[in-house]
Amino acid sequence: MNHSVTLIRDKCKGCTTCIKHCPTEAIRVRRGKAIIVAERCIDCGQCIRVCPHHAKRAVCDGLDRLSEFDYTVALPAPSLYGQFHNLDDVNIVLAALLDIGFDAVFEVARAAEIISDMTRQEMGTPGALPRPVISSACPASVRLICQRFPGLMANVLPFMAPVELASVLARREAMNKTGLSPERIGVFFLTPCPAKATAVRNPIGLAAPVIDGAIALSELYLHLLPVMKKRPDLPDLATAGLMGLGWAVSGGESAALLGESYLAVDGIENVIQVLEDIEDGKLPEVEFLELSACTQGCVGGCLTVENPFAAKARMKRLMKFLPVSRNKVGPGDKPLASWGAFLSHTPVFRLDADMQAALEKQARIEALAAQLPGLDCSSCGAPSCRSLAEDVVLGFASEEDCIFRMRERVMYLSGDGDAEQFLPPPFRRDPGAGDN
């Protein structure tokens, strides 16, 4: 997989902050530098948020890529509108996108309203979808399900994310308007997060990408500010109502279903907790589950520029006088928006392909983990004592990577020597206390 989240090795200080916040334990620190385990990474962007040295970044496309195509279309995410102070008309942003080089715009919010209408119809058909239905809009959450919750894969809504449907519809409109072949038309998503940038290159449920590139909102922001202004000839480019724009914030997708038995969860740790509850059958009343890996939804993506809470408030003000919805499912939209392939389990936590060998490794991991101090201090370069034990059994680390095991070894080698000096002060024992 071509991941968006990458490490800037020269900036990494090996501080272990990132490994403590990675929800899939996809990061280790070895020889003073972080290492991202690509198979486990879901591109949620947590490491980008918390790294104090800015050693993690999201690789996206630049505006220079527009020159590769004869005609270009911008797909602005609804969260883009929440980045600007005192914005009262989305047409100002859409017109500015044309001013900075795009030939056309197609709002992702427009496709979101079509997906919402389609989902309402499917959920109203008895037996059409297993309950609870889980939104497929957040690629980080969907990849998390494929890794850790394979039993819930059948519950994921089998529809494209709105941005993918928007790309298909936008390319079709551009072809009809210009007469150009599809490969000469460039369709670019303006993304608020690295997970969606990765999904542009590696789409979920689709055989091939349908979007030509992803440009970070944080990069576009400074290009848009100088050209954003009200003017008498401002074109009317807006095509979505409050339902579509509402997808920018947590709860917006659920509200568009016009039901009450839904749960909207934001923040990757909260997502994991709720998925565990769903898997254990603790939330039987939930009909629809909306998951957002970022705080407050897409407005909290790490490629945005504004505080997510402030951005959410701006979105609410912006939607106040909009019509409820401007788009419905059209003929042929359902097969067009449906996935061409089912989700498949990504067994990144499998210890061995052979079941007997896996059980033996599991027993060794449990035994070793019980011998470790259980402090999860991350000084070994792994996020927890349990993960260090797994790394040791799989041959990626040594027991002596644990500073407490190193203390025991030094004491054994030195006889009566004091090994406490090798430990950081928080972990040194009280002279009057017994062994740990």
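Here, each number is a calculation from the coordinates, and none is a lab measurement. Here the structure is a predicted model, which is why all the values come from computation and not from measurement. As a convention, Cβ positions derive from the backbone with ideal geometry for all residues, glycine included, and neighbour counts pool all protein chains shown.
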Item to check | Within the chain, helix-based [θ] at 222 nm, where runs of 4 or more DSSP H residues each add -39,500 (n - 2.57), nearest 500 | outcome: -10000 deg cm²/dmol
Item to check | Protection proxy ranking, peptides 304-311, 231-238, average beta carbon neighbours within 10 Å, highest first | outcome: 304-311, 231-238
Item to check | Anchor Lys13: lysines whose Cα lies under 21 Å away (excluding residues fewer than 8 positions away in-chain) | outcome: Lys33, Lys56
Item to check | Cα convex hull of the chain, projected area averaged across orientations, nm² | outcome: 25.4
Checklist outcome for this item: Per segment 5-58, sqrt(5λ) over the Cα gyration tensor eigenvalues, sorted largest first, in Å, gives 15, 12, 10
Checklist outcome for this item: Expected unfolding gain across His54-Thr125 under the 0.36 nm per residue rule, minus the alpha-carbon gap, is 20.7 nm
Checklist entry - Most exposed first by the Cβ proxy, i.e. fewest other Cβ within 10 Å, how do Ile268, Ile42, Ile100, Ile36 rank? => result Ile100, Ile36, Ile268, Ile42
Checklist entry - For segment 63-337, what is the relative contact order in percent, using Cα pairs closer than 8 Å and at least 6 residues apart in sequence? => result 29
Next on the checklist: I'd like the distance separating the alpha-carbon centroids of segment 251-300 and segment 322-336, in whole Å.
Outcome noted: 23
Checklist entry - Where does each of 338-346, 239-247 land if you order them by average Cβ count within 10 Å, highest first? => result 239-247, 338-346
Checklist entry - Once segment 300-403 is represented by equal point scatterers at the alpha-carbon sites, with solvent omitted, what log10 I(q)/I(0) does the Debye formula produce at q = 0.19, 0.24 Å⁻¹? => result -0.98, -1.17
Checklist outcome for this item: Among Gly45, Gly381, Gly332, the residue with the largest mean-square fluctuation in a Gaussian network model of the chain built from Cα contacts under 10 Å is Gly332
Checklist outcome for this item: Measuring from its Cα centre, the chain shows a charge dipole (+1 at each Lys and Arg Cβ, -1 at each Asp and Glu Cβ) which, in debye to the nearest 20, is 820
Checklist entry - Which of Val187, Val142, Val286 moves most in a GNM of the chain, Cα contacts under 10 Å? => result Val286
Next on the checklist: Straight-line reach from Lys230: which aspartates and glutamates fall under 15 Å, measuring Cα to Cα and dropping same-chain residues less than 8 apart?
Outcome noted: Asp88, Asp89, Asp99
